[in-house]
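S.K.: This is the structure I have questions about; it appears just below.
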Amino acid sequence: MPRFYLIFGILALSMFSYAQYNGAGLFDDVAAAPATRPGAAGHSTFHK
Amino acid sequence: MGRTARCPSCGAAVEFKSVVSILAVCDYCQSTLVREGKELANLGKMAALVEDRSPLQRGAAGRWQGRRFALIGRIQLRWEQGLWNEWHLLFDDGKSGWLSESGGEYVISEPVWQPDALPPFAELRVGQSLVVAGHAYSITNLLAAECVAGEGELPFKVSSGYPAPVADMRDEAGRFATLDYSDDAVRPLIFVGAGVAFASLGWSNLRQGTAIAEPTVKARAFNCPSCAAPLAVGHEKIETVGCPSCGAVLDTSNETVQLLAQADLDLKVEPLLALGARGSLRGEAVEVIGFMRRRMTADGVDYRWSEYVLLGRDARLLWLTEYDGHWNLAWVLPRAVRVAGGAAVYDKEDFKHFQSYQAYVDYVVGEFPWRVRLDEAAQVEDYVAPPRLLSRETTASEATWTVAEYMEQEELQQAFKLKVQPQAPTGVYANQPNPHDASHRRVCGRFWKLLAAALAVHAALLMGARGPLLEEALVFKPGDDEPRLTHEFRLAAPVSRLEIEHEADLDNNWISLGLTLANKDTGEAWQAAREISRYEGVDDGESWSEGSRSDAVVFTALPAGNYVLAEEADLAANSRPVRTQVRVSKPGPRWSSLFMLLGALALFPIYTRVRRGSFEVKRWAESDHPLVTASDDSDSDD
């Protein structure tokens with residue numbers, strides 16, 4: 001049990017550290033819309 | 001300086017090494033000689049000493065607390081449980097003292113004078129506390145002893161049959177005191193000292209160098225007076241023998257063997273360790289000399305266990321106890337133990353009270369260096385701190401503390417080279433080590449280390465977090481469809497996540513935001529829709545709230561470049577203008593992730609704790625203090 005716990009703990013800690021480094025949270029609201037090319041109106045909006 | 005005189009009976013030289021010695025026994029004719037001025041008076045023949053295989057002899061020398069001493073005399077005493085020796089010591093500073101030798105236990109004491117009156121012998125009780133020479137003692141033995149014989153020099157007159165009412169006392173530090181009422185039933189002689197380890201006394205001239213009279217089978221062979229079975233005693237100090245044929249309990253302290261009691265043969269049990277079996281327990285050579293079955297009754301049910309009497313090094317007595325396949329090695333403690341608040345403190349460790357009961361002897365077989373009494377009740381109190389168990393056994397004349405250590409069967413088998421497999425342990429014994437304890441401790445240790453590492457990672461990332469890339473206020477009005485553009489901000493390198501947070505000054509209203517994050521360099525855009533609402537009020541005197549003024553959304557996998565954020569808002573037609581504070585940043589470490597990790601890591605210690613606890617529940621179920629009672633069980637069933 002202690003050895004298994006150590007392996008589990010190190011794996012969990014590694015995943016935690018990676019996620020924290022990237023600022024990822026399990027409850028984050030992630031924008032689902034994929035990247036798009038704006039149409040002419042939008043293009044003009046951002047390239048004033 | 002010693003003084004030598006001539007025995008008036010045989011003319012042999014009689015030496016008085018100590019000035020306090022007033023009596024000497026002639027080594028040649030056993031005349032009891034008393035100093036009367038410069039003359040020696042002959043009080044008659046001293047009875048012969050009972051051979052007891054003591055490793056000591058007159059002339060043996062040792063060292064105690066930095067002082068050398070020599071044994072110059074001995075009184076052999078008998079009480080109802082057996083024999084013991086009081087060796088008269090002469091220290092190198094001229095003072096005298098006593099070395100008590102009983103059942104392999106040794107105590108050195110010296111006379112002290114106390115002005116305060118002490119209770120007369122008749123008023124003393126076992127367990128009573130008395131202050132002697134500035135220390136609080138507890139009475140452990142009340143002995144109505146009598147002198148068997150003496151040898152050498154002695155500081156007072158003794159003779160065979162001389163009564164010696166004695167109270168032995170001990171304190172928690174191992175100090176020892178004796179009140180000797182031999183001369184005066186009201187004003188005792190007081191001796192104070194301490195228990196000593198035989199090997200620590202730096203002995204010389206011990207008896208091993210001389211021929212010890214080995215008891216012969218013929219000398220101690222006899223027939224059981226009850227069934228005529230042939231019996232033999234292998235040790236001269238034996239007081240009681242249990243006949244394996246008929247269950248008779250025999251007094252063998254005298255040449256005439258007497259029947260003390262008759263055990264019920266239905267209770268006979270074949271001992272796993274044969275009488276006479278020799279082994280090596282924890283580095284000490286031991287021999288099984290006796291076996292007894294004892295009994296206690298709880299809730300109308302009889303519980304029986306076995307006790308093996310072992311003779312160890314220097315005639316030390318040890319006990320092996322067995323109950324339901326659980327074995328313990330036990331020995332008598334030469335000290336009192338403090339009991340307070342349901343716990344006994346020994347060796348700086350708290351022993352919790354486990355159970356109290358009356359113990360009886362059902363059946364004995366073999367040899368016992370004390371007088372065994374069938375059906376004599378002893379009040380026993382058990383205290384546990386696995387793997388050790390402390391027991392206080394109290395009778396009308398004696399209070400004894402023993403400490404026992406749980407022994408695995410493998411150790412027993414190795415010690416006695418057993419060819420027969422002992423009975424497998426059943427249930428959980430009082431002081432059985434919890435097999436889940438070590439695992440739980442290791443898991444807990446790892447939990448705290450992993451927790452510390454997680455906190456360190458979280459703290460380091462919190463401290464290393466950079467400020468926002470953009471922070472700006474935008475104001476939206478109802479009916480105004482024109483998108484608001486933020487200032488431009490730059491991502492110097494691709495980012496996996498970018499967080500956009502809003503803090504809106506909503507007051508019982510809502511705002512719907514359409515976000516477009518655009519890379520001005522590539523023309524790529526990412527969109528998200530957000531709905532922020534906040535309502536609050538008071539109904540029937542109770543305040544309530546719903547929603548939040550804050551909102552956050554994360555955009556993922558953004559390339560490097562210059563960005564701008566466009567926001568379109570939809571508001572209720574009657575809404576006042578809403579001001580939102582926009583904050584764009586690379587997200588830092590999440591508290592929620594930290595708590596989730598802690599929760600996952602805590603599952604293991606919780607599990608091992610429950611597993612360890614269930615073992616403890618089984619242990620204490622047999623005690624006077626069960627952790628789960630029958631009513632708890634029925635409650636949970638409901």
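S.K.: Please verify whether residue B:94 is over 27 Å from residue B:332 (Cβ atoms), in the same structural domain as residue B:165 (by TED's automatic domain parsing) and not aromatic (Phe, Trp, Tyr), treating the condition exactly as stated.
M.R.: Numbers: over 27 Å from residue B:332 (Cβ atoms): yes; in the same structural domain as residue B:165 (by TED's automatic domain parsing): yes; not aromatic (Phe, Trp, Tyr): yes.
So residue B:94 passes the test.
S.K.: I need the full set of residues from the range B:6-25 which are aliphatic (A, V, I, L, M) and under 17 Å from residue B:157 (Cα atoms), in order please.
M.R.: Residues satisfying the conditions are B:14, B:19, B:20, B:22, B:23, B:24, B:25.
S.K.: Being at the interface with another protein chain (Cβ under 10 Å from one of its Cβ atoms) and touching a residue at least 24 places away in the same chain (Cβ under 8 Å) narrows it down to one residue among B:487, B:436; which is it?
M.R.: Numbers: B:487 fails: at the interface with another protein chain (Cβ under 10 Å from one of its Cβ atoms).
Only one candidate passes the filter, namely B:436.
S.K.: If you don't mind, another one. Looking at residue B:574, is it part of a loop (DSSP other than H, G, I, E, B) and either over 60 Å from the mean Cα position of the chain (by Cα) or within 30 Å of residue A:9 (Cβ to Cβ) (or both)?
M.R.: Values: part of a loop (DSSP other than H, G, I, E, B): yes; either over 60 Å from the mean Cα position of the chain (by Cα) or within 30 Å of residue A:9 (Cβ to Cβ) (or both): yes.
The answer is yes for residue B:574.
S.K.: Output the residue which, of all residues in the range B:53-78 that are within 35 Å of the chain's Cα centre (by Cα) and among the small types (Gly, Ala, Ser), is nearest to residue B:89 (Cα to Cα).
M.R.: Per the criteria, the residue is B:62.
S.K.: Answer yes or no: is there a residue in the range B:540-554 that is closer than 23 Å to residue B:480 by Cα, assigned to a loop (DSSP other than H, G, I, E, B) and more than 12 Å from every other protein chain (Cβ to nearest Cβ). Full working, then the answer.
M.R.: Our first condition is that a residue be closer than 23 Å to residue B:480 by Cα; within the range B:540-554, this holds for B:549-551.
Right, trim to assigned to a loop (DSSP other than H, G, I, E, B) and you get B:549.
Next, from what is left, pick out any that are more than 12 Å from every other protein chain (Cβ to nearest Cβ): B:549.
Within the range B:540-554, one or more residues are closer than 23 Å to residue B:480 by Cα, assigned to a loop (DSSP other than H, G, I, E, B) and more than 12 Å from every other protein chain (Cβ to nearest Cβ).
S.K.: Is there any pair linking a residue in the range B:504-532 that is within 12 Å of another protein chain (Cβ to nearest Cβ) and assigned to a loop (DSSP other than H, G, I, E, B) to one that is of a type outside the set (Lys, Arg) and surrounded by fewer than 15 Cβ atoms within 10 Å (Cβ to Cβ), with Cβ under 8 Å and at least six apart or on different chains, and which?
M.R.: B:520/A:47; B:520/B:488; B:520/B:562; B:521/B:562; B:522/B:559; B:523/A:43; B:524/A:36; B:524/B:559
S.K.: In the set B:84, B:79, B:113, B:98, which member is at negative phi, hydrophobic (A, V, I, L, M, F, W, C) and modelled with pLDDT of 90 or more? Lay out the reasoning, then the answer.
M.R.: On the way: B:84 fails: modelled with pLDDT of 90 or more; B:79 fails: modelled with pLDDT of 90 or more; B:113 fails: modelled with pLDDT of 90 or more.
Selected residue: B:98, the only one of B:84, B:79, B:113, B:98 that is at negative phi, hydrophobic (A, V, I, L, M, F, W, C) and modelled with pLDDT of 90 or more.
S.K.: Looking only at the range B:592-602, which residues are facing chain A (nearest Cβ under 8 Å), more than 22 Å from residue B:553 (Cβ to Cβ) and surrounded by fewer than 20 Cβ atoms within 10 Å (Cβ to Cβ)? It would help to see each step written out before you state the result.
M.R.: Within the range B:592-602, the first condition is being facing chain A (nearest Cβ under 8 Å), and the residues that meet it are B:592-594, B:596-597, B:600-601.
After this cut, where a residue has to be more than 22 Å from residue B:553 (Cβ to Cβ) as well, the list is B:597, B:600-601.
Correct list: B:600 only.
S.K.: Of the residues B:577, B:589, B:559, B:605, only one is within 28 Å of residue B:482 (Cα to Cα) and within 12 Å of chain A (Cβ to nearest Cβ); which? I'd like the intermediate steps shown before the answer.
M.R.: Details: B:577 fails: within 12 Å of chain A (Cβ to nearest Cβ); B:589 fails: within 28 Å of residue B:482 (Cα to Cα); B:605 fails: within 28 Å of residue B:482 (Cα to Cα).
None of the other options fit; the residue is B:559.
S.K.: Restricting to the range B:16-30, name every residue that is at negative phi and either in contact (Cβ under 8 Å) with a residue 60 or more places away in the chain or in contact with a Lys or Arg (Cβ under 6 Å, 6 or more places away or on another chain) (or both).
M.R.: Answer for the range B:16-30, where residues must be at negative phi and either in contact (Cβ under 8 Å) with a residue 60 or more places away in the chain or in contact with a Lys or Arg (Cβ under 6 Å, 6 or more places away or on another chain) (or both): B:16, B:17, B:18, B:19, B:20, B:21, B:22, B:23, B:24, B:25, B:27.
S.K.: OK, next. Quick check: anything in the range B:15-22 in the same structural domain as residue B:89 (by TED's automatic domain parsing), in a strand (DSSP E or B), of a type in the set (A, V, I, L, M) and touching a strand residue (DSSP E or B) at 6+ places or on another chain (Cβ under 7 Å)?
M.R.: Within the range B:15-22, the subset in the same structural domain as residue B:89 (by TED's automatic domain parsing) is B:15-22.
Those left that are additionally in a strand (DSSP E or B): B:15-16.
From what is left, the residues that are of a type in the set (A, V, I, L, M) are none.
Checked the range B:15-22: no residue is in the same structural domain as residue B:89 (by TED's automatic domain parsing), in a strand (DSSP E or B), of a type in the set (A, V, I, L, M) and touching a strand residue (DSSP E or B) at 6+ places or on another chain (Cβ under 7 Å).
S.K.: Given the options B:391, B:356, name the one that is in the same structural domain as residue B:288 (by TED's automatic domain parsing), surrounded by 18 or more Cβ atoms within 10 Å (Cβ to Cβ) and within 23 Å of residue B:300 (Cα to Cα).
M.R.: On the way: B:356 fails: surrounded by 18 or more Cβ atoms within 10 Å (Cβ to Cβ).
It is B:391.
S.K.: Quick one: in the range B:457-484, of everything that is more than 10 Å from chain A (Cβ to nearest Cβ) and in a helix (DSSP H, G or I), which residue is farthest from residue B:605 (Cα to Cα)?
M.R.: For the range B:457-484, the residue satisfying everything is B:463.
S.K.: Somewhere in the range B:84-106, is a residue touching a Ser or Thr at 6+ places or on another chain (Cβ under 7 Å), surrounded by fewer than 18 Cβ atoms within 10 Å (Cβ to Cβ) and in contact (Cβ under 8 Å) with a residue 40 or more places away in the chain?
M.R.: no
S.K.: Quick one: which strands (runs of 3 or more DSSP E) sit completely within the range B:265-371 and have at least 3 residues that are farther than 16 Å from residue B:384 by Cβ?
M.R.: Numbers: elements: B:278-281, B:284-298, B:301-311, B:317-323, B:326-332, B:338-340, B:343-346, B:349-368.
Here the list reads B:278-281, B:284-298, B:301-311, B:317-323, B:349-368.
S.K.: In the range B:247-279, what residues are surrounded by 17 or more Cβ atoms within 10 Å (Cβ to Cβ) and hydrophobic (A, V, I, L, M, F, W, C)?
M.R.: Residues satisfying the conditions are B:248, B:249, B:250, B:257, B:260, B:261, B:263, B:272, B:273, B:275, B:277.
S.K.: Here is a further query. Just the residues that are farther than 16 Å from residue B:166 by Cα, loosely packed, with under 15 Cβ neighbours inside 10 Å and not small (Gly, Ala, Ser), please, taken from the range B:115-151.
M.R.: The answer is B:115, B:116, B:131, B:135.
The values are calculated or read from the model by the stated rules, or taken from the named source; none is laboratory data. These numbers come from a predicted model, not from an experiment. Because the Cβ atoms are built from the backbone with ideal geometry, glycine has one as well, and the counts that use them run over all protein chains shown.
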